[in-house]
Amino acid sequence: MYFSHTRCVHLSMFCCTLCSLCVLCDLFSSIGGAIKPVVTFTPNWGNILYYDNVTLTCDVPSTVPEEPRTYHWYRNQTKIEGDQQNLHIIGSSVGWDRGDYQCQTIGGDISDPVFLNVTINFVILQRPPSAIYEGDPLTLRCHHARDFNAINTKFYKDDQEMKSSEYDSTFHIPNITRSQSGRYKCTKRIHRNDRTYVTERSDESFISVKELFSHPEIKKNAYWVIEGEEMTVRCDTRLDSLRGDTELHFAFYRDGWTVQGYNVSDTYRERSARLEDSGKFTCEVRTASDTVRKMSDELYIHIYSREVYVTVLVVGSVGVLLIIVLSAVLIWRCKHRKGSPASCQGSLQEMATMDNMVTDANPDPQDVCYTYLELCHLPKGNKIRNDGLTVTYATVKDPDI
C-alpha cells in the first residue's frame, strides 16, 4: 500500500509539472514570435508634406501584463536608429523619411510594412495609411503647405461636390460602404500672409473600400430533413484575414420571423424537427458594432414525415432497379444482334451504295472489274477451305498510257 501511495504522489507531481510547462509554453508563445506588432501613425495620415511632423508607434497586442520591451525600427528593410516604442519624425524630409516602415520586438515577429509618403506640394488630400474596409469611419483632410494660408475648401467625389466650407479642411464619413469607393478630390484657395499670391490648388486620391466579410450563404446539414431528427442550419461567410479579429454576430429567420437572435454562433439547430418547421430560411450577419449588416438569400427547407420519406425511398429504389434491368436488356440485345442477317443486310446495302457510286461514274466495263464475297451466311464454326481457290485480279486501263 505504501508503494502504491508513493507512485500516486509521483504521478500527481508529474501531472502538475506538465501543466506548469503548458502554461509556460502559452506564456512564451504570447510574448514571442506569435505576436505581430502593428505600426500606426499620429496624426493618422499616410501622406504628409515636406517639413510636417509625425509620430510612429509600434503597437504590440498582448494578453499578458505590459513588460519593458526593446524595439527595432526599419525603413525600407534597413535598420534605423530608435529602440523605443515611438519613433518621432520632426520636420520630415522627402529623400530621407519617405518609405516603408516596420518595427520588431526582441524575440518577436516583424510587423507588416506601412508606407509613409512625403511630398512637396501646395495642397494634398490626406487619407489613413491602412486599408479601408466597409463599416470603417473615414476622415479625409485637405492639407496645405505651412508657408500659406487657405480658405474655401471643397470636397468632390467623382467630380460631384460633397462639401464646401470656408475654414473646415476635413471631410468625415462615419460608416463607409463599398459603394462609396471612388475618386475623391479637394480644392483650396491659398495665399501668402501679405495676400500677394492667391491661387486655387487641388489634389485627388482614389479610395477603394474593401469587403469586410463575404455575402452570407445559408446551408443545411442534409439533403433530406426528416421529422423527429435533428436539423442544423449554418450561416456561411468568410472574414477578411487582415481583419480576422473582428467579431461577427449571426441571426436566423424562418418566413421572416426570428428563430434565433443575434449571437456569436453561426449555427441554428433544431434537436427534433417538426413538420411545421418547414419554410424559407434566411440568416443575417453583422459586426459587433453593428456597422455592417448582410442578409443571405432564401433557402426553402421542407421537413418530410417518415411515411413520405419511406415511400419516396421505396419508389426511388424501384425506379433505379427498373433502369438497371432495362439497361441490361438493351445491352444483351445489342450484343446478340452482331452477326445477324440484319447486319448482313446492312453490309449488302452499303455495298449496293458503293455500286451505285461506281455506276454513276459511267466507266468503261473493260476498264473496271470488281467483286465481293458474302460471308455472313456461312455456318458458325466452319472454316473456309482453300481447295480450288481462284484469285482474280482487276486491271484498270488508262487510254492515255
Study note, to complete from the structure: The residue that is surrounded by the fewest Cβ atoms within 10 Å (Cβ to Cβ), considering only those in region 81-118 that are closer than 23 Å to residue 70 by Cα and of a type in the set (D, E, K, R), is 81
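Restricting to region 225-249, count the residues that are aliphatic (A, V, I, L, M), closer than 30 Å to residue 179 by Cα, surrounded by 14 or more Cβ atoms within 10 Å (Cβ to Cβ) and touching a residue at least 40 places away in the same chain (Cβ under 8 Å).
The number of residues fulfilling the criteria is 1.
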Exercise for review: Collect the residues in region 131-145 that are touching a Leu at 6+ places or on another chain (Cβ under 9 Å) and over 14 Å from residue 201 (Cβ atoms), keeping them in residue-number order.
Suggested key: 131, 132, 133, 134, 135, 136, 140, 141
Study note, to complete from the structure: In region 200-219, anything open to solvent by 30 Å² or more (accessible area, probe 1.4 Å) and hydroxyl-bearing (Ser, Thr, Tyr) is listed as 202, 208
Study note, to complete from the structure: Residue set 273, 222; condition surrounded by 14 or more Cβ atoms within 10 Å (Cβ to Cβ), assigned to a loop (DSSP other than H, G, I, E, B) and more than 22 Å from the chain's Cα centre (by Cα); output residue 273
Study note, to complete from the structure: In region 172-209, anything assigned to a loop (DSSP other than H, G, I, E, B), out of contact with any Phe, Trp or Tyr (no Cβ under 9 Å at 6 or more places or on another chain) and either hydrophobic (A, V, I, L, M, F, W, C) or without any contact (Cβ under 8 Å) to a residue 24 or more places away in the chain (or both) is listed as 194, 195, 196
Review point. Mind checking which pairs have a first residue in region 263-289 that is under 14 Å from residue 246 (Cα atoms) and touching a residue at least 60 places away in the same chain (Cβ under 8 Å) and a second that is open to solvent by 20 Å² or more (accessible area, probe 1.4 Å) and part of a strand (DSSP E or B), Cβ under 7 Å, 6 or more apart or different chains?
Key: 285/248; 285/294; 287/248
Exercise for review: Inspect region 180-197 for any residue being acidic (Asp, Glu), surrounded by 13 or more Cβ atoms within 10 Å (Cβ to Cβ) and more than 33 Å from the chain's Cα centre (by Cα) and give the result as yes or no.
Suggested key: no
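The values are calculated or read from the model by the stated rules, or taken from the named source; none is laboratory data. Quantities reported herein were computed from a predicted structural model and do not represent experimental measurements. Glycine gets a Cβ as well: all are built from the backbone with ideal geometry, and neighbour counts include every protein chain shown. Surface areas here come from the heavy atoms of the whole protein model, side chains and all, with no ligands, DNA or RNA. Shrake-Rupley method; radii C 1.70, N 1.55, O 1.52, S 1.80 Å.
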